[in-house]
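The values are calculated or read from the model by the stated rules, or taken from the named source; none is laboratory data. Please read these numbers as outputs of a predicted model, since none were measured by experiment. Neighbour counts are summed over all protein chains in view; Cβ atoms, including those assigned to glycine, are modelled from backbone coordinates with ideal geometry. Just so you know, the surface numbers come from the protein's heavy atoms only, side chains and all, with ligands and any DNA or RNA stripped out. Shrake-Rupley method; radii C 1.70, N 1.55, O 1.52, S 1.80 Å.
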Amino acid sequence: MLKTIALIGLTLPLSLNAAEPTTDQASTLITKTKSAKSAAMPMEPKPRDRRFNLRLQPFNFFLGGLGFDAEIKLFERFSLAGTYSSYDFDVTDSNTNLAFNIKATGYGIRANWYPSGALADSTYISPLIQTASIDIVDGDFSGSTDVTSYGILFGNQWMWDGINLNLAAGYSAMKIDDIVLKTPLGNTKVKNSSDIPAGGLLAEFSIGYAF
């Protein structure tokens, strides 16, 4: 009888020890559980993983043209963009009160600094430079000139799953000289630079998609 009790007393603790997992087994179990949970959770895209942004400027449509830029993120808070804009509209001559037509095509580059991160919800500051070719048609007279403008924009960008909206305001400066217009027969007249919209307040409204 005593031997049986002794055997039970020895066997019970051994059985309890055998039921407890070792430290290595517990670590392996925890790791597998975490891995299973991670695999079950969907991966959410990180907004700042986006590198490119294509933006359209709808205001240009109202001036008979097109405006867009292609942006590339270079650093966490900094990007560069190439710009294109075109216009085709009529303005009034201050001397004759008659309308004449202006067509302009411009290319440029702009830098964008985002304090909260590029291609994400953030305010931004954008210095820019653009060169443009301006063609003027006033009856039988026509002429052209090239100009360079410099400006800066202060705005805000909102981002929703890649779709983004930008609103900004700023200022642009450029210098246009008086333009000599000619007819096919060689007649000439001078178009005052004051009649040609140049510089002043800037406004930006753009819709884009980042990827």
Looking at this structure, is T123 among the β-branched types (V, I, T) and surrounded by fewer than 14 Cβ atoms within 10 Å (Cβ to Cβ)?
yes
For the range 73-110, the count of residues that are of a type in the set (V, I, T) and in contact with a Ser or Thr (Cβ under 6 Å, 6 or more places away or on another chain) equals 1
Based on this model, can you work out whether F78 counts as at pLDDT 75 or above, open to solvent by less than 80 Å² (accessible area, probe 1.4 Å) and aromatic (F, W, Y)?
yes
From the list L201, L185, which one is open to solvent by 60 Å² or more (accessible area, probe 1.4 Å), part of a strand (DSSP E or B) and either within 24 Å of G64 (Cβ to Cβ) or hydrophobic (A, V, I, L, M, F, W, C) (or both)?
L201
Can you pull out the residues in the range 67-82 that are touching a strand residue (DSSP E or B) at 6+ places or on another chain (Cβ under 9 Å), over 14 Å from Q130 (Cα atoms) and either in a loop (DSSP other than H, G, I, E, B) or not basic (K, R) (or both)?
A70, E71, I72, L74, R77, F78, S79
Considering residues that are surrounded by 14 or more Cβ atoms within 10 Å (Cβ to Cβ) and part of a strand (DSSP E or B), the number found within the range 168-182 is 6
Looking for whichever is buried (at least 19 other Cβ atoms within 10 Å of the Cβ), at pLDDT 95 or above and not hydroxyl-bearing (S, T, Y) here; the options are A104, A118. Which one fits?
A118
Residue list for the range 126-140, restricted to those being of a type in the set (D, E), in a strand (DSSP E or B) and open to solvent by 60 Å² or more (accessible area, probe 1.4 Å):
D135
